[in-house]
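Notes follow once the structure below has been shown.
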Amino acid sequence: MALTKLTENLNTHQSLPDQPSLTSEELKIKWDEAPNKIKEYINQILIQELDGILENKVDKAVGKILSTNDFTDAFKTKLDNIEENANKYTHPSTAGNKHIPKGGSNGQILRWSADGTAVWGQDNNTTYNAVTTTANGLMTKEDKIKLNGIATGSTKNTVENNLDSLSTTNALSAIQGKYLNEKIIGTQLYANASGSNGTITLNESSANFAVIEIMFKDKDYNPYASMRIRNPNGKNVLLSMPHTFGKEQTVITATKEITIKNKTISVVNYGVHNAWNNSILNTNRIYIYSIWGWKR
């Protein structure tokens, strides 16, 4: 706070002439005019201003200094809550704690120099080989194509080629599946809805089959019959069909002897016999209309 300055003119007696025309009383008043102004300034202005300043003054304590920074209760609470050396921090320089070193230039990379330490160096070209079953490497385009062809979530299936296996997880191969299907359902080797009484050509050699079944019928009476032959290749087989004939209901039997050889079934002999096995007709009445086979 600035104090009010004394601006009154205090040279009142000095401004008088050398021989003033004043009475002694007037001269005394003129002489006391300056001291009275000083007294009035001190009593009415200066003392009041000094009293105001002294009311707000802070006494200096020994060993302390005065400043304009007020230390409040809030600052004191904040300071009390700060732990000792709380702002003191030294970054560790051990391996794994070091920062990226200064320096380096375009095209450079950080290279290992010691445990936990790296230095800037050139990015030299590195040649990688294709991955193998014994060495790491880059994936080939063929491997990528193969990988793209595998559906998400796919698992490895072991293909089973042994029908004697009791596995509940392995998959049956297509070949074994086809073989099993043929073992159960069989393979049709010949088909003719009208039937044939002559030489027949099979779709596949009879030597490939453990069993064949010949389905045949009588020419006129149309009863149907069938016969299974094991290990059919090279065998002679007699096909026969008994039925009644004429008003007398005579029992007769139509027969046909055939030879099975590879893909061919040929007729050896045929005829019609009565109940006493006497040949009464030399006629080929048996027609073969279907042949099935079951492989070994």
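The values are calculated or read from the model by the stated rules, or taken from the named source; none is laboratory data. A quick note: this is a predicted structure, and the numbers were derived from the prediction, not measured. Neighbour counts run over all protein chains shown; Cβ positions are idealised from the backbone, glycine included.
Overview of results
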quantity: Members of the range 7-58 that are more than 30 Å from D70 (Cβ to Cβ), at pLDDT below 80 and charged (D, E, K, R); calculated: E8, D18, E26, K28, K30, D32, E33
quantity: Residues of the range 216-237 that turn out to be among the acidic types (D, E) and either within 18 Å of K261 (Cα to Cα) or in contact with a strand residue (DSSP E or B) (Cβ under 8 Å, 6 or more places away or on another chain) (or both), as a count; calculated: 1
quantity: Pick from the range 69-101, criterion assigned to a helix (DSSP H, G or I) and among the acidic types (D, E), ranking: farthest from W120 (Cα to Cα); calculated: D73
quantity: Subset tally (residues that are free of Cβ contacts under 8 Å to residues at least 24 places away in the same chain and either surrounded by 10 or more Cβ atoms within 10 Å (Cβ to Cβ) or closer than 30 Å to I53 by Cβ (or both)) for the range 12-35; calculated: 14
quantity: Count of residues meeting criterion [surrounded by 10 or more Cβ atoms within 10 Å (Cβ to Cβ) and more than 30 Å from A114 (Cβ to Cβ)] in the range 77-94; calculated: 1
quantity: One residue from E213, E257 being in a strand (DSSP E or B), in contact with a strand residue (DSSP E or B) (Cβ under 8 Å, 6 or more places away or on another chain), farther than 19 Å from T283 by Cβ and among the charged types (D, E, K, R); calculated: E213
